[in-house]
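The values are calculated or read from the model by the stated rules, or taken from the named source; none is laboratory data. Keep in mind that what you see is a predicted model, and the values were worked out from it rather than measured. So basically every Cβ, Gly included, is an ideal-geometry build from the backbone, and we count neighbours across all protein chains shown.
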Amino acid sequence: MDLADLRIFRAVVDEGGITRAAEKLHRVQSNVTTRVRQLEDDLGVDLFIRAGKRLHLAPAGRILVDYADRLLDLAEEAREAVRDPRPRGPFRLGAMESTAAVRLPAVLSDYHDRYPEVTLELRTGNTRQLAAAVLAGELDAALATGPLADAPFDQVPAFDEDLVIVSGPGHPALDGAGARPPTVLAFEDGCPHRKRLEDWFADRGEMPARIVELSSYHAMLGCVLAGMGISLLPRSVLGTFPEAGRLTLHPLPPGRDRARTVLFWRKGAESPKVKALADLLRA
């Protein structure tokens with residue numbers, strides 16, 4: 001059963017017979033008759049009661065009329081939706097936790113005001129997870145800190161972040177010769193900020209004493225404040241932590257102290273919803 005068969009069936013019902021339906025559809029009568037028979041064979045029921053050259057709806061045909069109307073209306077709605085340049089419908093957006101917590105609230109509020117027909121669905125994760133979800137079609141787009149592979153994605157710059165290493169109060173300078181390497185508090189493997197901190201240690205010929213994985217920045221900062229270790233994160237996140245003034249900040253060397261967050265989506269898959277967000281970020 002396809003939409004063309006349903007249109008022919010509906011025309012026969014509306015016009016009261018094969019001849020007038022064929023004229024309306026600009027088809028030959030034999031073609032309309034054949035398509036109606038094929039639809040009946042596909043469904044395994046008679047849709048019409050045939051009395052000579054006259055057709056009357058059979059009980060199964062009366063049931064199908066309602067479904068045919070709904071399916072044809074839905075198909076037309078879908079056709080209009082894909083041709084409509086306005087952002088509308090569900091928008092599955094991914095973001096790193098720091099971006100979701102600090103950068104997105106104002107942006108998404110503005111987006112919602114401009115495009116109220118869009119329903120936003122937000123998922124957080126690290127860059128590796130978000131990239132995989134975009135490629136798998138689970139997300140329409142995502143915001144993450146690179147590097148990202150160029151081949152499968154289109155991307156636009158979104159935010160530039162200042163990065164700092166944070167420790168508890170009174171923590172010694174991290175460049176002290178002979179100092180014992182501290183414990184690192186970080187997200188799971190795949191987080192670009194964790195990778196940057198690991199690279200910073202590697203440049204110094206060191207390894208962290210150990211890495212403790214946590215699932216949120218507030219948990220991470222609470223543990224840092226308690227003296228459990230150090231962490232690397234965007235400076236903007238500190239504004240969301242009430243005890244930020246008690247933390248000790250350690251600068252990173254130039255070249256490692258900034259990170260760019262980009263909005264990215266699969267190549268060739270820029271929907272009106274994604275384009276609207278990209279335009280908003282560019283502005």
* helices (runs of 4 or more DSSP H) wholly inside region 121-237 containing at least 2 residues that are among the aliphatic types (A, V, I, L, M) and crowded, with 21+ Cβ neighbours inside 10 Å -> 127-135, 217-225
* Structure fact -> Of the residues in region 254-267 that are in a loop (DSSP other than H, G, I, E, B) and touching a residue at least 12 places away in the same chain (Cβ under 8 Å), the one that is farthest from Pro192 (Cα to Cα) is Lys267
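Being assigned by TED's automatic domain parsing to the domain that holds Ile230, out of contact with any helix residue (DSSP H, G or I) (no Cβ under 6 Å at 6 or more places or on another chain) and either within 27 Å of Gly245 (Cα to Cα) or at pLDDT below 85 (or both) narrows it down to one of Gly178, Gly168, Gly146, so name that one. Break it down into steps so the answer makes sense when it comes.
Details: Gly168 fails: out of contact with any helix residue (DSSP H, G or I) (no Cβ under 6 Å at 6 or more places or on another chain); Gly146 fails: assigned by TED's automatic domain parsing to the domain that holds Ile230.
Gly178 is the lone residue from the list that is assigned by TED's automatic domain parsing to the domain that holds Ile230, out of contact with any helix residue (DSSP H, G or I) (no Cβ under 6 Å at 6 or more places or on another chain) and either within 27 Å of Gly245 (Cα to Cα) or at pLDDT below 85 (or both).
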* Considering only strands (runs of 3 or more DSSP E) fully contained in region 1-102, which possess at least 1 residues that are surrounded by 14 or more Cβ atoms within 10 Å (Cβ to Cβ) and more than 33 Å from the chain's Cα centre (by Cα)? -> 48-51, 54-57
* Asked: Are any residues in region 134-150 free of Cβ contacts under 8 Å to residues at least 60 places away in the same chain and closer than 19 Å to Ala259 by Cα, and if so, which ones?
  -> Pro147, Ala149, Asp150
* Inspect region 41-54 for any residue being farther than 30 Å from Lys275 by Cβ and either touching a Phe, Trp or Tyr at 6+ places or on another chain (Cβ under 6 Å) or aromatic (Phe, Trp, Tyr) (or both) and give the result as yes or no. => yes
* State the number of residues belonging to region 234-265 that are among the basic types (Lys, Arg) and farther than 22 Å from Arg103 by Cβ. => 1
* To do: Consider only pairs whose beta carbons are under 7 Å apart and that are at least six residues apart or on different chains; among these, list those whose first residue lies in region 102-116 and is in contact (Cβ under 8 Å) with a residue 60 or more places away in the chain and whose second residue is assigned to a helix (DSSP H, G or I) and of a type in the set (S, T, N, Q).
  => Val102/Ser236; Val102/Thr240
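Each row is one residue, and each column tells you yes or no for (1) of a type in the set (Asp, Glu); (2) out of contact with any Lys or Arg (no Cβ under 7 Å at 6 or more places or on another chain).
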{"residue": "Ala131", "(1), (2)": "no, yes"}
{"residue": "Phe159", "(1), (2)": "no, no"}
{"residue": "Gly168", "(1), (2)": "no, yes"}
{"residue": "Gly190", "(1), (2)": "no, no"}
{"residue": "Asp199", "(1), (2)": "yes, yes"}
{"residue": "Tyr217", "(1), (2)": "no, yes"}
{"residue": "Leu221", "(1), (2)": "no, yes"}
